[in-house]
Amino acid sequence: MAVATTIKGGSKVRVLIGNDTNPIVYSAPCGFTSKSITFNKGLEEVVVPDCADPDKVDWVGRDTVSLSISISGEGVLASESVETWFDAWESIESLPVKIEYEFPATTYTYTGRMHVESLEQGAPNGRRVTQNVSMQSDGEMVRTSAVTT
């Protein structure tokens, strides 16, 4: 039996936000202690009849109609990145975003544009302010892979 090669969160799974320079410069906003990335496939259902036996119960066929990626992140509201998050949420335009998974042999990257859908801050008395972030893809997110250096 071969043991699976796995990675840990933190620095091996990165969400980076880009600026509008050419070339784009990406950086990871400070404050995330946990992040979740969801790959969504929108499906459309159609009932497919059996032409040889019209009395047979039909099966449902499914066609892919859309793809999207969403990101949920949580952590602390860090002064180093609060302006980045507020600017991203206030922007009517989507932002350049890069998602990276760094495995020992290969790094997988998704690059495209995303909207910051929501920011939620929690401010419990006497404790640190927390933040939850929700992001949604805006158009195609392109996957590439490269040898990890």
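In table form, for the structure just shown:
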item: Reachable aspartates and glutamates, given that their alpha-carbon falls under 18 Å from the alpha-carbon of Lys8 and they are not under 8 places away in the same chain; result: Glu74, Glu100, Glu102
item: Square roots of five times the Cα gyration tensor eigenvalues for the chain, Å; result: 36, 21, 18
item: Euclidean distance between Cα centres, the range 52-111 to the range 1-31, Å; result: 14
item: Given 15 as the ceiling on other Cβ atoms within 10 Å, longest exposed-site-free region of the chain for trypsin sites (Lys or Arg not before Pro) in DSSP loops; result: 57-126
item: In the range 100-149, GluC sites (Glu not before Pro) in a DSSP loop with at most 16 other beta-carbon atoms within 10 Å; result: Glu140
item: Shape category assigned to the range 1-45 from the gyration tensor of Cα positions, a/c cut at 1.5; result: oblate
item: Computed FRET value (nearest 0.05) for Ala78 with Thr148, which takes r as the C-beta separation and R₀ as 35 Å; result: 0.80
item: The chain: most fluctuating residue of Val15, Val60, Val25 per GNM, C-alpha cutoff 10 Å; result: Val60
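All of the numbers you see were taken from the coordinates with simple rules; none came from a lab. Keep in mind it's a predicted model, so treat the numbers as computed, not measured. Backbone-built Cβ (ideal geometry, glycine too); neighbour counts: all protein chains shown.
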